Amino acid sequence: MDIRKTITKAVGLAQGVVGAASFVFAYFLYHNLFDVQVVLNVSAKDLFLYVLLFIVFGLLSLASARFLIFEE
Amino acid sequence: MKKVGLRRELGLLQATMIGIGGAIEAGIFVMLGHATGLAGTAVIIALLLCGVINMFTMCSYAELGAALPKAGGEYTFSKIAYGGFVSFLTGWFEWTSNMFYAALSAVGFAYIISYIVPVSSSAVPWIAIVIIAVFTVVNVRGVKEVGTSQVVMIGILLAILMLYVWSGFNSAQMRALEISAPTGPLGIVQATAYIFVVYLGAEAIAVAQAEVKDPGKTIPKAILLTGAALIVIYLLTAYVTLSIVPPETLRGQASPLIFAAKQTMGEIGMVILVIAGTVAALSSVNTAIMAQSRVAYALSRDGYFPKALLRIHGRFATPHVAVIVGAIFTGVLAATGVINFVGYATDFGFIIGFTLVNLSLIKLRREKPLLERPFKVPFYPYTPMAGIATSLFLLAFIEPGVLVLGVELILLAVLAYYIRMVGYHRIRIAFGGISLSLGGFAALTAYLIETGVVKLNGVDPSTTTAISNILLSASIIQTLAGILNVTAKPKPALKPWAPTSSKKKT
């Protein structure tokens with residue numbers, strides 16, 4: 001395996017972890033685990049917007065990671 | 001290496017049971033009340049009309065299914081007739097409708113069972129997910145298992161419905177039924193449009209046609225038998241129900257059949273009908289999971305969906321990846337509860353599918369007159385034309401909100417189609433650009449936190465710096481990923497094939 005492929009897979013894995021972490025954080029935010037809503041000053045009105053933002057961030061990261069890990 | 005493909009394992013009985021099981025779902029157990037409110041006892045005429053309308057299109061399914069017995073059902077028909085976006089749209093509606101249908105039926109099962117077992121509202125999605133998981137395993141195990149489980153479930157269901165009809169005819173409460181429509185012909189038309197959904201789903205036979213034995217003979221027989229059996233089952237059930245319970249009482253009932261069974265057989269009747277309702281819901285889940293996977297398989301075969309969905313299980317000879325992927329979407333739909341709204345899209349998708357099948361039949365009769373057709377639609381072209389007209393008529397009576405949802409589904413299909421058509425390399429570059437933007441966004445957020453522009457409540461400075469560093473690391477990863485995706489080389493084009501000389505150099 002050439003070095004570019006190795007780096008690509010490693011970066012893809014890291015991006016996948018970032019994407020998954022974004023989903024976990026969206027879950028924490030929605031359920032206010034560890035008082036995340038208070039720490040980030042997120043009001044109940046804006047909660048869904050922030051959750052959506054993290055989910056979209058996670059989805060896009062995972063989609064991009066997929067291209068890097070399973071390179072054609 | 002031995003090539004693994006779908007096996008022809010479904011006989012006439014199994015194929016017919018797949019059709020009946022696909023159509024009879026919880027709907028008939030709950031919809032008769034409102035339909036009676038619209039048409040009075042003339043709801044029986046509405047049910048008969050629905051059966052006839054259904055038969056127009058079932059004839060088209062029978063002809064095309066016997067002539068083109070490949071996986072995918074109406075998608076395959078429209079692909080051969082029209083190709084391109086029209087066929088993709090047909091497949092898309094077929095795929096999404098079956099997933100919605102499976103999710104609806106799984107949730108319906110949980111609600112019906114709550115008649116006899118206390119089920120909290122929060123437990124409903126979990127029960128639905130368990131049911132979907134169980135039938136996913138059945139579908140992965142093999143099409144023969146799907147067919148056998150359908151035979152058992154529909155056998156139980158038909159036995160219970162026959163018991164219901166028999167006990168109704170022998171009940172002291174049975175009275176002579178007078179057919180009347182208090183709101184006139186318009187009420188019958190409205191009831192027809194409302195209750196037509198109870199006939200939808202029988203076309204699952206066509207979706208599984210690649211796995212039917214002796215397709216030229218079995219497919220038309222199974223489809224037409226299913227259409228006829230549904231008419232008889234629904235008419236008998238409605239006749240008995242209306243003869244026992246007056247229409248004015250019936251229209252207020254959440255489940256008219258269960259209410260009528262309680263009148264004739266007491267509490268045990270209610271329990272038996274609840275069992276029938278749950279079996280009907282389960283058989284619909286089973287059929288819909290099978291149907292969605294075969295459509296996804298066909299779409300993947302033609303390059304519209306990822307190739308992974310084309311994998312066939314070495315031992316069970318089923319498209320297991322397509323089954324599992326569709327089941328995951330179905331589970332999410334069932335768990336989120338949004339299916340109450342999108343469930344209406346099921347009807348829209350099926351009705352659009354009906355129109356496209358009839359159009360495909362007419363086009364293929366004109367353009368491929370020499371295609372071998374073991375079964376031919378009688379009274380051509382009037383039968384498919386009647387199928388198109390009645391499908392469009394049903395669409396006209398559908399709620400405006402559903403039409404909006406249908407348009408949204410079409411837009412989603414356009415997006416999916418063009419993303420696929422754009423090609424792998426361009427999409428990868430696009431995602432590279434998105435990753436660069438995400439990297440920039442994460443870096444900006446890290447900077448704003450570090451400089452105190454964005455303040456975190458009750459967090460000490462060292463933790464703030466740690467959060468900022470995590471964001472910076474994420475930014476670096478996103479930027480690197482963006483660069484790697486944008487600079488990725490396209491796959492080299494295949495060299496044109498050139499014949500090699502068999503002569504040896506001298």
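No value in this document is a laboratory result; all are computed from the given coordinates. Because the structure is predicted, anything quoted here is derived from the model rather than measured. Virtual Cβ from ideal backbone geometry, glycine too; neighbours counted across all protein chains shown.
Quick one: grab the alpha carbon gyration tensor of chain A, order the square roots of its eigenvalues as a ≥ b ≥ c, and give me rounded if a/c is under 1.5, else prolate or oblate depending on whether a/b is larger than b/c. Kindly include the intermediate steps, with their values, before the conclusion.
Working: a/c = 4.61, a/b = 2.97, b/c = 1.55.
Here chain A falls in the prolate category.
Just how large is the dipole of the protein assembly as shown about the Cα centre, in debye to the nearest 20, putting +1 at every Lys and Arg Cβ and -1 at every Asp and Glu Cβ?
Here the protein assembly as shown has a charge dipole of around 2880 debye.
Cα gyration tensor of the protein assembly as shown, axes a ≥ b ≥ c as square roots of the eigenvalues: rounded (a/c below 1.5), prolate (a/b > b/c) or oblate? Provide the component values of the computation, followed by the final result.
On the way: a/c = 2.33, a/b = 1.41, b/c = 1.65.
It comes out oblate by the Cα gyration axes.
So what's the angle, to the nearest 10 degrees on a 0 to 90 scale, between helix B:320-336 and the longest Cα principal axis of chain B?
Rounded to the nearest ten degrees, it is 80.
For Cα pairs less than 8 Å apart in space and 6+ apart in sequence, what is the mean separation divided by the residue count of chain B, i.e. the relative contact order in percent? Don't skip to the answer; put the middle values down first.
Details: 812 pairs, mean separation 142.8, N = 506.
Once normalised by length, the contact order is 28 percent.
List the relative contact order of the range A:3-69 as a percent without decimals, with contacts defined as Cα pairs under 8 Å and 6+ residues apart.
On the way: 59 pairs, mean separation 37.8, N = 67.
Here the relative contact order equals 56 percent.
So what's the back-of-envelope 222 nm ellipticity for chain A, counting only DSSP H runs of four-plus at -39500 (n - 2.57) apiece and dividing by all residues, rounded to 500?
Details: 3 runs with 55 residues, N = 72.
So the helix-based figure for chain A works out to -26000 deg cm²/dmol.
Mind listing the long-range amide H neighbours of B:Gly72? Cut-off is under 5 Å, sequence gap 5 or more, other chains count too, H placed in the peptide plane at 1.01 Å from N.
Here the answer is B:Gln209, B:Ala210, since their amide H atoms fall under 5 Å of that of B:Gly72.
Can you grab the distance from the C-alpha centre of the range B:303-318 to the C-alpha centre of the range A:25-72, Å, no decimals?
Here the answer is 32 Å between Cα centres.
Given only helices, namely DSSP H runs of n ≥ 4 each adding -39500 (n - 2.57), what is the per-residue ellipticity at 222 nm of chain B, to the nearest 500 deg cm²/dmol? Numbers along the way, then the final one.
Values: 19 runs with 365 residues, N = 506.
Estimated from H runs of four or more residues: -24500 deg cm²/dmol.
Give me the percent relative contact order of the range B:15-91, please, defined on Cα pairs under 8 angstrom at least 6 residues apart. Before the final figure, lay out the partial values.
Details: 24 pairs, mean separation 10.7, N = 77.
Relative contact order for the range B:15-91 comes out at 14 percent.
Compute the angle between helix B:256-265 and the longest alpha-carbon principal axis of chain B, please, reported from 0 to 90 degrees and rounded to the nearest 10.
So the helix axis and the longest Cα principal axis differ by about 40 degrees.
If r is the Cβ-Cβ distance from B:Ile179 to B:Tyr382 and R0 is 22 Å, what FRET efficiency results, to the nearest 0.05?
Numbers: r = 28 Å, r/R0 = 1.27.
Between B:Ile179 and B:Tyr382 the formula returns 0.20.
Can you give me the C-alpha center-to-center distance between the range B:420-496 and the range B:199-268, rounded to a whole angstrom?
The distance from the Cα centre of the range B:420-496 to that of the range B:199-268 comes to 55 Å.
How about B:Lys79: which aspartates and glutamates have a C-alpha closer than 12 Å to its C-alpha, ignoring those fewer than 8 places off in the same chain?
B:Asp302
Residue by residue through the range B:427-442, which ³J(HN,Hα) values in whole Hz follow from phi under the Karplus form 6.51 cos²θ - 1.76 cosθ + 1.60 (θ = phi - 60°), with glycine and proline marked x?
After applying 6.51 cos²θ - 1.76 cosθ + 1.60, I find 5, 4, 4, 4, 5, x, x, 5, 4, 4, 5, 5, x, x, 5, 5 Hz.
Taking amide hydrogens as modeled 1.01 Å from N in the peptide plane, which residues meet the under 5 Å criterion relative to B:Leu10, leaving out close sequence neighbours?
HN-HN under 5 Å from B:Leu10: B:Val212, B:Lys213.
Can you bin the range B:423-486 into rounded, prolate or oblate? Criterion: square roots of the alpha carbon gyration tensor eigenvalues sorted a ≥ b ≥ c, rounded for a/c under 1.5, prolate for a/b above b/c, oblate for the rest. Write out the running numbers ahead of the final one.
On the way: a/c = 4.38, a/b = 3.23, b/c = 1.35.
It comes out prolate by the Cα gyration axes.
Which residues' amide hydrogens lie under 5 Å from the amide hydrogen of B:Ala202, considering only partners 5 or more residues apart or on another chain, with H built in the peptide plane?
Residues meeting the criterion, in which the H sits 1.01 Å from N, are B:Ala23.
If the only charges are +1 at each Lys and Arg Cβ and -1 at each Asp and Glu Cβ, what is the size of the charge dipole of the range B:12-420 around the Cα centre, to the nearest 20 debye?
On the way: 22 positive and 17 negative charges, 217 e Å.
So the dipole magnitude of the range B:12-420 works out to roughly 1040 debye.
Averaged across B:427-438, how many Cβ atoms of other chains sit within 10 Å of each residue's Cβ atom?
Mean shielding by partner chains, rounded to a whole number: 4.
Which whole number of Å³ per residue matches the convex hull of the alpha-carbon atoms in chain B? Write out the running numbers ahead of the final one.
Numbers: hull volume 108.5 nm³, N = 506.
With only Cα atoms used, chain B gives 214 Å³ per residue.
Through the Karplus equation 6.51 cos²θ - 1.76 cosθ + 1.60, θ set to phi - 60°, convert the phi angles of the range B:310-315 into ³J(HN,Hα) values in whole Hz; use x for Gly and Pro.
8, 5, 10, 5, x, 8
Would you kindly derive the ³J(HN,Hα) couplings of the range B:271-285 from the backbone phi angles with the Karplus curve 6.51 cos²θ - 1.76 cosθ + 1.60 (θ = phi - 60°), listing them in order in whole Hz, with x for Gly and Pro?
4, 4, 5, 5, 4, 4, x, 5, 5, 4, 5, 5, 5, 5, 4
Grab the Cα-Cα distance for B:Phe169 and B:Ala308, subtract it from 0.36 nm times how many residues apart they are, and report the gain in nm with one decimal.
44.7 nm is the gain from fully extending B:Phe169 to B:Ala308.
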